[in-house]
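Taking it in order: structure first as structure tokens, then the write-up.
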Amino acid sequence: MNFIPYGKQSITQEDIDTVVETLTSSYLTTGPKVKEFENALSNYCGAKYVLVISNGTAALHLASLVLLNKEDKVLTTPNSFLATSNAILYAQAKPIFIDIAKDGNIDLDLCEEELKKDSSIKAIYVVAFSGNLVNQTKLNYLRKTYNIKILEDNAHAVGAVYDGIKSGSCTSSDISIFSFHPVKHLTTAEGGAIATNSKEIYEKLLMLRSHGIMKTPDMKPWEYEMKDLGFNYRISDIQCALGISQLKRLPEFIDRRFEIAKIYDKAFENTIVKPLYTFDGKSSYHLYVVQVDFSKLNINKEILFNKLKEKNIGIQLHYMPINRQPYYKSLGYGNENIPNMDKYYKECFSLPMYPLLSNEEQEYVIKSLFEVLR
Ligand SMILES: Cc1ncc(COP(=O)(O)O)c(C=O)c1O
């Protein structure tokens, strides 16, 4: 059996042809494909404005510069890739780590307790962990009641829908971001997007993406004005061509992820392997996470990882608690009371989940997992 990773891209001949066509066109970097991809994403997720960008981390960086001020307190989750809370630090604001709920997402009830205690909190950064949007009704309620900014890190959740609310529509948030890294739902190699319904936010982001520069029709042909300290976070036409082609295939990708999730759900029914949540049509399943109580077994998680690796299966842990990372400890974090996150860290791991995972490979993963756990 060839190595089975936890996630990987699916590239067809059509994807390749589209990229090659762009390579031979007049534009390699910013050209017509950038706007075309932005329009296609905006149509897909329903946000008024979408800006594509060099990667998801850059998306979080610019979003944070627009949403936050120095020293702002921001509630966020320890269960994410580092980029989510790093972006709060980029804006010289202060992340506050809140424990997770049973589904791996930030616990919004705990967020409300914090908001009641501390009226100086300015924002919440939520992550749709594994592809599962947080409760949108509660998020909207917190946003309005406490007059705070909301950022949805939907790097895991392209294509997810919560009670009719599409991921990236920004129905309950100021900004949503996506990542198009190859393990995600669709890829542009490196790449990301920022969605918003605010024209003001969009215009600031546009400037920051390209050196803080603005050009208006009344200027002389050679003129441009630098209005802010921006960056080069542009994405190329070549990458956007791939993104456009991949976006057309998104429904097929999600359907396949659903099929894989249902097969895992069934295989783990009434066993020691507990899915973090079972299929209900809401999650777009970037990850399929399971929980095993190792205290009742003869092996620990490290042995499980190593034994499965010997069998050519690459399970993964998403994530180590961010607040316990050495850099965060050096800033005074690390002693938060986050019992659910600690339990999650001990017991959970992600199984292979990607459209090209064959039924035969998935059967092999399930069989091998039970063999090792026994
Ligand atoms: C939740 C989350 N946010 C942000 C990012 C950053 O995205 P990128 O790798 O495109 O910079 C990732 C990437 O893994 C992620 O998983």
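The values are calculated or read from the model by the stated rules, or taken from the named source; none is laboratory data. From a predicted model like this one, the values you see are computed outputs, not experimental measurements. Quick reminder, even Gly has a Cβ in these numbers, built from the backbone with ideal geometry, and neighbours come from all protein chains shown. Note: accessible area is taken over every heavy atom of the protein model, side chains too, but ligands, DNA and RNA are not part of it. Shrake-Rupley method; radii C 1.70, N 1.55, O 1.52, S 1.80 Å.
Rounded to whole Hz and in sequence order, give me ³J(HN,Hα) for region 279-284 from the Karplus expression 6.51 cos²θ - 1.76 cosθ + 1.60, θ = phi - 60°, writing x for Gly and Pro.
Along region 279-284, the couplings run 4, 9, x, 8, 6, 9 Hz.
Over all directions, what mean area does the Cα convex hull of the chain project, stated in square nanometres? Could the numbers behind the result be given before it?
Details: hull surface 79.7 nm².
Average of the hull's projected areas for the chain equals 19.9 nm².
For the chain, what relative contact order do you get, as a whole percent, if you take Cα pairs closer than 8 Å and at least 6 residues apart? Numbers along the way, then the final one.
On the way: 765 pairs, mean separation 84.6, N = 374.
Once normalised by length, the contact order is 23 percent.
How large is the accessible surface per residue of region 236-284, computed with a 1.4 Å probe and reported in Å² as a whole number? Don't skip to the answer; put the middle values down first.
Values: 2110 Å² over 49 residues.
Result: 43 Å² per residue.
Per residue, what accessible area does region 57-199 have, given a 1.4 Å probe and all protein chains present, in Å²? Before the final figure, lay out each step's value.
Numbers: 4680 Å² over 143 residues.
Per-residue value: 33 Å².
Please find, in a Gaussian network model of the chain (springs between Cα atoms separated by less than 10 Å), the residue of 327, 141, 285 whose mean-square fluctuation is greatest.
327
Using the heavy atoms of the protein chains and a 1.4 angstrom probe, tell me the accessible area per residue for region 295-374 in square angstrom.
Numbers: 4460 Å² over 80 residues.
Value for region 295-374: 56 Å² per residue.
Could you look at the chain and say what percent of its accessible area is carbon and sulfur, using a 1.4 Å probe and all protein chains?
On the way: 8860 of 17150 Å².
Of the solvent-accessible surface of the chain, carbon and sulfur hold 52 percent.
Taking the Cα centre of region 1-117 as origin and charging only Cβ (+1 Lys, Arg; -1 Asp, Glu), how large is the dipole, in debye to the nearest 20? Working shown, then result.
Values: 10 positive and 15 negative charges, 70 e Å.
My answer is approximately 340 debye.
May I ask for the angle, rounded to the nearest 10°, between helix 301-310 and the longest principal axis of the chain, with both axes built from Cα atoms and the value confined to 0 to 90°?
90 degrees
Which value, in Å² rounded to 10, gives the accessible area of residue 247 with a 1.4 Å probe and all protein chains present?
Number for this one is 20 Å².
For the chain, what is the charge dipole size about the Cα centre, in debye to the nearest 20, if Lys and Arg each add +1 at the Cβ and Asp and Glu each add -1 at the Cβ?
Working: 43 positive and 44 negative charges, 97 e Å.
Computed charge dipole of the chain: roughly 460 debye.
Given N residues in region 201-352, what is its alpha carbon radius of gyration divided by 2.2 N^0.38 Å?
Working: Rg = 23.2 Å, N = 152, 2.2 N^0.38 = 14.8 Å.
Cα-based Rg divided by the globular estimate yields 1.56.
Can you compute the modelled spin-label distance between residue 2 and residue 356, with each label point 7 Å from Cα toward Cβ, in nm?
Calculated label separation equals 0.6 nm.
Cα-based Rg of region 331-372 per 2.2 N^0.38 Å, rounded to two decimals? Numbers along the way, then the final one.
On the way: Rg = 16.4 Å, N = 42, 2.2 N^0.38 = 9.1 Å.
Normalised Cα radius of gyration, region 331-372: 1.81.
Between beta-carbons, use under 9 Å as the cut-off and find the net charge around residue 354, counting Lys and Arg +1, Asp and Glu -1. Can you show the working numbers first?
Values: positive: 8, 256, 257; negative: none.
Neighbour charge sum, excluding residue 354 itself: +3.
Any idea what diffusion coefficient region 1-65 gets from Stokes-Einstein, in µm²/s, Kirkwood Rh on alpha carbon pairs, 37 °C, 0.692 mPa s? Display every interim value, and only then the final one.
Working: Rh = 14.7 Å.
Translational D for this selection: 223 µm²/s.
How large is the helix-only mean residue ellipticity at 222 nm for the chain, computed as the sum of -39500 (n - 2.57) over DSSP H runs with n ≥ 4, divided by its residue count, in deg cm²/dmol to the nearest 500? Write down the numbers at each step before the final one.
Numbers: 13 runs with 146 residues, N = 374.
Rounded to the nearest 500, the figure is -12000 deg cm²/dmol.
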